[in-house]
Structure formats: structure tokens, C-alpha cells
Amino acid sequence: MRTKIIAGNWKMNKTLEESQALITEIRGIVRDEHRGGSKVILCPPFISLASAARLLEGTEIGLGAQNCHFEDSGAFTGEISPLMIKSVGAQFVIIGHSERRQYFGETNEMTFKKAKSAVRNGLKVIFCVGETLQQREDKTFFKVVEAQLNEGLFGLDRKEFANVVVAYEPVWAIGTGLTASPEQAQEMHHYIRKVIATHYTDEIAEETSILYGGSMKPDNAAGLIAQRDIDGGLIGGAALKAREFADIIRAVG
Ligand code: 13P
């Protein structure tokens, strides 16, 4: 059985104080309502990670960063290393989010270096792939996602890859209110699993959790999760409201 995962990517939202309030609220709801059918992960901004780790101590809720550099330390002003993320008590890091690719020039070469470094430092990677609207329309989307995996991730060996969760996030569905239909998402998830099987093994592909991200909300989560190859969600906007986030967790089980 693959692990089902609901991860909240807070992006550049919430001050320290606001994030403490939201984490406390989510922690309470998860404690009271969560039946344990999925792993819950919160990914607040860097400045909140250390305090979030303290607030989540003794709970089953995981903690992740939204990005990392690939070196452990050095003269890289403004950057944060996997070693530093690990040191505050986080266990996960999101790598290759489309906003990083789009606004910060992140390439497949960079995502691979980051993934390699994150795993070497004992972090689990939530690795994002996805096509733009243009690529969906000109029907290159399978090729684009395959290249993101081949060039940006598959340099990891089998053992390293055991620490990877893949997130399919069609760029046209992020923050737009447009969701991929369950069938569209399933088609891509199935394809991603096939590509993983071809590069690694059938068994590894079967064990890899593949999350959907892009305007996932309480009212569309169950339909997406019901698909055979969709193992959870990477949630943006709806993760910023405790009740909405909890209702998505509930839809997953
Ligand atoms: P939204 O849920 O706001 O569309 O964001 C999805 C996302 O980018 C999660 O990483």
C-alpha cells in the first residue's frame, strides 16, 4: 500500500505569528478528527520552520521546506541548505515547484542537484513536475513532464529514489481555480508511474506516492483521490485555512 499524503504548501504567506496560529489550529483539528489514513505535511516559509518544528513535536504531522540550495554551506547569500533545513527538525523539502522554475530560473539540472543534496542530508523530497497551458494545448505535456523527471530527478539511484514523492502540478491549474479533471490527472499520474517503472522497477513505481496539486479543494479532493494513481495532494491556497485543509484531509481519509 502506498502512503497517502496531504501536504500544504504555504508559499510566501504568513508571518511568524500567523503561522504559529495556523499550525496550532491545524494541529488541534488533526488531533481531534484525523483517522490516520494519510500523512499530513505542512510546508511553511523558512522563517517559521524552527518554531513549527517545536509546535509539531510529538504529533504525526510532518514538516517541510519549500526550496533548498544544493550546497551544504558557503557564500550563497540568501540561500538555505538541506543541512540547515534538517537541523531545525524538518523532514521534507519541496523541489522544482513551477513557481521556482518560472520566476527563479530553476532548471532540470538544478532540481537534480537539489534532490541529490536533500536526500544525502536525510530529507525526503516532494518533487514537482507539470506542464504550462501552452504545453497542454500543443500536446507536448507528456514529453515535458518526462524530461523534468529524466533530467531533473532520475539521476538518483534506487535507494535514493525511495525518499522521493512526486507531485504533478499542471501550471495552468495552480491558483487559477481551474482543476485538472480526475481523468486528466489520472492519465498523467499513470504516465508518471509508467516512466518511473521504466527507469527504475515496477515495484518502485508501485510504491511511489504521486500527489496532485492545482486548485485542490474540499469539494474536488475526493474525486481526484478516488483515481487509482493519485495518492494525495499538494495544496496551496486551501492549505492556508485550517478548516478547508482539514476538510481535504477528511476527504482523503
Ligand atoms: P493552489 O492549490 O493554490 O492551486 O496551489 C497549488 C500548488 O502550487 C501547491 O504547491
message = Take the conditions touching a strand residue (DSSP E or B) at 6+ places or on another chain (Cβ under 7 Å) and either within 20 Å of Ala7 (Cβ to Cβ) or of a type in the set (Gly, Ala, Ser) (or both) and apply them to Val164. Does it pass?
response = yes
key: Only one of Ala65, Ala7 that is in contact with a helix residue (DSSP H, G or I) (Cβ under 6 Å, 6 or more places away or on another chain), under 24 Å from Phe161 (Cβ atoms) and within 16 Å of the ligand (Cβ to nearest atom)   = Ala65
key: Criterion violated by Leu42 - all others in (1) under 27 Å from Glu146 (Cβ atoms); (2) surrounded by 21 or more Cβ atoms within 10 Å (Cβ to Cβ); (3) within 15 Å of the ligand (Cβ to nearest atom) satisfied   = (1)
query = Within the bounds of the stretch 127-138, is there any residue that is within 30 Å of Asp32 (Cβ to Cβ), within 16 Å of the ligand (Cβ to nearest atom) and modelled with pLDDT of 95 or more?
reply = no
Residues that are assigned to a loop (DSSP other than H, G, I, E, B), away from the ligand (no atom under 12 Å from the Cβ) and within 16 Å of the chain's Cα centre (by Cα), drawn from the stretch 87-105 = Ala90, Gln91
query = Taking Thr77, is it touching a residue at least 24 places away in the same chain (Cβ under 8 Å) and of a type in the set (Ser, Thr, Tyr)?
reply = no
key: Those residues of the stretch 120-132 which are buried (at least 18 other Cβ atoms within 10 Å of the Cβ) and assigned to a loop (DSSP other than H, G, I, E, B), in sequence order   = Leu123, Gly130, Glu131
ask   = If you take the residues in the stretch 87-103 that are touching a residue at least 12 places away in the same chain (Cβ under 8 Å) and surrounded by fewer than 18 Cβ atoms within 10 Å (Cβ to Cβ), which one is nearest to Leu133 (Cα to Cα)?
value = Gln102
message = Could you list, ordered by first residue, the pairs with Cβ atoms under 8 Å in which the first is in the stretch 211-229 and more than 20 Å from Ile41 (Cβ to Cβ) and the second is of a type in the set (A, V, I, L, M), at least 6 apart or interchain?
response = Gln227/Ala185
task = Go through the stretch 181-234 and give me each residue that's part of a loop (DSSP other than H, G, I, E, B) and within 16 Å of the ligand (Cβ to nearest atom).
result = Ser181, Ser209, Gly213, Gly214, Ser215, Met216, Lys217, Ile230, Asp231
ask   = Applying the selection to the stretch 152-198, what residues are touching a residue at least 24 places away in the same chain (Cβ under 8 Å) and among the small types (Gly, Ala, Ser)?
value = Gly152, Gly155, Ala162, Ala167, Ala173, Gly175, Gly177, Ala180, Ala185
Residues of the stretch 188-212 that turn out to be in contact with a helix residue (DSSP H, G or I) (Cβ under 8 Å, 6 or more places away or on another chain) and not aromatic (Phe, Trp, Tyr), as a count = 14
inquiry  = Residues that are aliphatic (A, V, I, L, M) and modelled with pLDDT under 95: does the stretch 1-20 have at least one?
reply    = yes
Pairs, first assigned to a helix (DSSP H, G or I) in the stretch 29-43, second not hydrophobic (A, V, I, L, M, F, W, C), C-beta under 7 Å, six or more apart = Glu33/Arg250
note = Per the filter on the stretch 10-25, residues surrounded by 13 or more Cβ atoms within 10 Å (Cβ to Cβ) and within 16 Å of the ligand (Cβ to nearest atom) are Trp10, Lys11, Asn13, Lys14, Leu22
remark   = When Ser117 is run through (1) in a loop (DSSP other than H, G, I, E, B); (2) of a type in the set (Ser, Thr, Tyr); (3) touching a residue at least 12 places away in the same chain (Cβ under 8 Å), the failure sits at (1)
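The values are calculated or read from the model by the stated rules, or taken from the named source; none is laboratory data. Source: prediction; values computed, not measured. Using ideal geometry, Cβ is built from the backbone for each residue, glycine included, and neighbour counts are taken over all protein chains shown.
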